[in-house]
Amino acid sequence: MNRSIFLIILAIVLNSCKPEEQPAWALVPYPNAIETVKGVFSFERGIAISLSDASLQGLSEFYGKRLSDLGVIVDAKADRVIDLQLLDSKSLKGEAYVLEINKKRIVISAASSKGIFYGFMSLWQQLSLSGEKVISCARITDAPRFDYRGFMLDESRHFFGKEKVKQYIDLMASFKLNTFHWHLTDAPGWRIEIKAFPKLTTVGGQGSHTNPDAPAAYYTQEDIKEVVAYAAERFVTIIPEIDMPGHATAANKAYPEFSGGGSEKHPDFTFDPGNEATYGYLTTILREVADLFPSNYIHLGGDEVHFGNEQWHHNAGIKALMKRESLEDLVAVEHYFMRRMTDSLKAIGKHLAGWDEIVASGVDRQTSMIYWWRHDKTDKLETALKAGYKTVLCPRRPLYFDFVQHDSLKNGRRWEGFNPLRDVYQYPDSTHRFAETDLKLIAGLQANLWTERLATDDWIDFMTFPRLIAMSEAAWTDEAQKDWSRFDATLPKLFAFLDSMGIYYFNELDSEHKKEPAI
Ligand code: TNX
């Protein structure tokens, strides 16, 4: 046989057992165990969804919609079946799931609807990212490394609105993130309607970081309910943040009687801890907030009070308070304020969450959750863990997404470097070796997007993606299963997916395609 004919026959033979018969896995975050076996399950002729438990009905409708968006026909009479099995299982805790793909049947089993949800999201993601209508037979056993997998969006500095927020919540769920921290109040604008104090939004909602004259922009309570319900359907908990006693300028513009003043650079920056009425005012606000958000936690900020508490030195009420409570200095006043507000939260039935400044204030160790953000102050993290606080890791380096992600980029922060995709992916293993006891206290990871310099949807997309996806794998996948080169190789598929979602992401490999948006 001549050589070229041999090669043609060889090519035909090889092609007839095409490797794409079993599509490669395209899962992010990558599951903790995949055992691939021979054969495929095909979605080409439609599928039926069966349930072990009527409580899964809502979920199955959600899945049906997701699958039909991918062109799969969902038909109760189809002979290929996806079976959702809620099990009373001790080995499958919380968000864990098993996804078993056989030639004619897929079984997703978990001990909770959350687990079923994540099993389904893996299935959907494989179809969606691979672009195939078949999936390899396999058994995937999966559970998250960290319980808390979060993203924070600052909507005080700039307001993006509920459609954008819903899109982000949907994307979060697609990558198995489960907590949305909503920074709703800060110096430029107050963004949540409080019925007892309407001026908070009509007056305090006016302006943004870049435009003090911007018309009032905020969420009504109806908007909030809608977003909370949308998130709940995707197993995303929303933790609202009402920042206090600092970063309160917008509220103080609306109700100056509760202002504790500020500094030259940050006027009217604080609430007034020396005025007893302030505690009643803030408690009323928190009651309304608590009624809107089912989350156990409300985040009370507590950060950077020293930016603008100069006038506390000259405040008669604060002087009297210091005397009465034997408070030595203004930091002690700040801590007193936080303890009082924690008591209010307790009375409302919520737990305190706050930035790492609150560790020193002696708030309840059993119930409060700390967000460690000052990457240059590792002692704050150590103190929090030593004291036994549940802690979320969100250090500026590498988890602040208002930092640039590439040296060529101009708009964004830097601090002895910046936050490239790979650093996000490799966190926390690149930086920390936690002792077992400390690890039990680490709730998880969160990326924070502060928006002083980000005024448009394109800008927040550009800073968030693809970094948030890298963080999802850092938060979900066990250290032993993390693999930067595999993640890196999946990027083109992730970019195609983000394109289909209309997201303006950053792409390091294509300098022409996604440039920094215009400011
Ligand atoms: C610090 S993080 C802040 C924010 C800023 C951010 C900018 C934190 C608790 N406070 O108010 O927006 O830095 O990176």
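The values are calculated or read from the model by the stated rules, or taken from the named source; none is laboratory data. Treat the numbers as computed from the prediction; the structure is a model and nothing was measured. When we count neighbours, we look across all protein chains shown, and the Cβ atoms used for this are built from the backbone with ideal geometry, even at glycine.
Here are some notes:
- In region 216-258, the residue that is farthest from His181 (Cα to Cα) out of those that are in a loop (DSSP other than H, G, I, E, B) and of a type outside the set (A, V, I, L, M) is Tyr255.
- Filter result for the condition that a residue is of a type in the set (Gly, Ala, Ser) and within 27 Å of Gly119 (Cβ to Cβ), over Gly204, Gly150, Gly189: Gly150
- Residue match in region 438-456 (condition: among the β-branched types (Val, Ile, Thr), within 14 Å of the ligand (Cβ to nearest atom) and without any contact (Cβ under 8 Å) to a residue 24 or more places away in the chain): no
Results for (1) under 22 Å from Trp415 (Cβ atoms); (2) within 15 Å of the ligand (Cβ to nearest atom); (3) touching a Ser or Thr at 6+ places or on another chain (Cβ under 7 Å), shown as yes or no for each residue.
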position: His314; (1), (2), (3): no, no, no
position: Arg340; (1), (2), (3): no, no, no
position: Lys346; (1), (2), (3): no, no, no
position: Gly349; (1), (2), (3): no, no, no
position: Trp355; (1), (2), (3): yes, yes, no
position: Ala360; (1), (2), (3): no, yes, no
position: Lys377; (1), (2), (3): yes, yes, no
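- Failed item, numbered, when Met463 is tested on (1) more than 16 Å from the ligand (Cβ to nearest atom); (2) hydrophobic (A, V, I, L, M, F, W, C); (3) crowded, with 23+ Cβ neighbours inside 10 Å: (1)
- Complete set of residues in region 382-417 that are of a type in the set (S, T, N, Q), modelled with pLDDT under 95 and either within 16 Å of the ligand (Cβ to nearest atom) or within 17 Å of the chain's Cα centre (by Cα) (or both): Asn411
- Scanning region 296-312 for residues that are away from the ligand (no atom under 16 Å from the Cβ) and surrounded by fewer than 22 Cβ atoms within 10 Å (Cβ to Cβ) yields Asn296, Glu310, Gln311.
- Any hit, region 280-288, residues being of a type in the set (Asp, Glu), more than 23 Å from Val203 (Cα to Cα), modelled with pLDDT of 95 or more and away from the ligand (no atom under 16 Å from the Cβ): no
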